[in-house]
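The values are calculated or read from the model by the stated rules, or taken from the named source; none is laboratory data. These numbers come from a predicted model, not from an experiment. As a convention, Cβ positions derive from the backbone with ideal geometry for all residues, glycine included, and neighbour counts pool all protein chains shown.
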Amino acid sequence: MADLDNVAAALADAFRDDPVFAWLIPAATPRRDEKLRTFFASMARSYLRRDKHVYVVGDGQAAALWSAPGAWTLPMSEMLREGPSALKAFGRNTFRAVRTQLQVESKHPKDPAHWYLGYLGTRSDSQAQGIGSAMLREVLDGADAAGVPAYLESSNERNLTLYKRHGFEVVQEIRALGVGPSIWRMWRDPHSAAS
């Protein structure tokens with residue numbers, strides 16, 4: 001469970017200033033950091049329960065949640081199972097959070113099968129040290145070797161440069177529920193050894 005706590009703490013810190021999370025859990029919300037940790041612990045638990053890939057660096061410097069090809073969907077049963085955590089995290093914005101999740105999932109490409117990066121974050125005191133890049137390479141190198149593409153959604157414009165450096169391209173910018181912050185859908189074709 002220490003790793004779960006470290007994953008939750010790393011992602012909560014990394015997403016503290018994220019525009020979409022600020023829209024769902026506003027900065028003035030009491031115990032906001034605790035609510036962010038609750039959400040990311042819930043997501044990590046769900047990933048682990050479904051044998052997805054959960055990575056953590058050190059004692060929580062950074063973390064990433066990946067889904068292998070063909071395993072990206074979040075079943076309604078998981079949403080219901082983690083419902084109490086969602087209520088605790090999002091409070092009166094829980095319905096908005098669920099609707100945003102469903103909107104994002106509706107745009108998710110079905111084919112070809114691909115690796116899906118659900119979340120990647122580095123604690124603010126560990127950023128700009130190459131940790132995020134190393135975590136991306138952990139999966140992307142294997143994806144390239146297998147000839148498998150990758151996909152993600154970025155909810156923070158400042159992260160687009162990192163993802164573009166690793167071969168992702170923006171395929172669409174959407175607004176959360178048509179009125180909220182932007183979310184960028186990004187796709188990456190596999191790279192050959194020569195690229």
* To do: From G121, G70, G142, grab the single residue that is of a type outside the set (A, V, I, L, M, F, W, C) and on the phi > 0 side of the Ramachandran plot.
  => G70
* Residues in region 126-154 that are among the hydroxyl-bearing types (S, T, Y) and either in contact with a Phe, Trp or Tyr (Cβ under 6 Å, 6 or more places away or on another chain) or at pLDDT 95 or above (or both): how many? -> 2
* Asked: Only one of A146, A150 is of a type in the set (G, A, S) and touching a His at 6+ places or on another chain (Cβ under 6 Å); which?
  -> A150
* Do you know which residues across region 43-91 are of a type in the set (F, W, Y), within 30 Å of G142 (Cβ to Cβ) and part of a helix (DSSP H, G or I)? -> Y47
* Can you name every residue in region 92-133 that is within 16 Å of the chain's Cα centre (by Cα), hydrophobic (A, V, I, L, M, F, W, C) and either outside any strand (DSSP E or B) or surrounded by fewer than 14 Cβ atoms within 10 Å (Cβ to Cβ) (or both)? -> A97, V98, L102, V104, I131
* Structure fact -> A28 passes all but one of the listed conditions (1) hydrophobic (A, V, I, L, M, F, W, C); (2) assigned to a helix (DSSP H, G or I); (3) more than 20 Å from I174 (Cα to Cα); the exception is number (2)
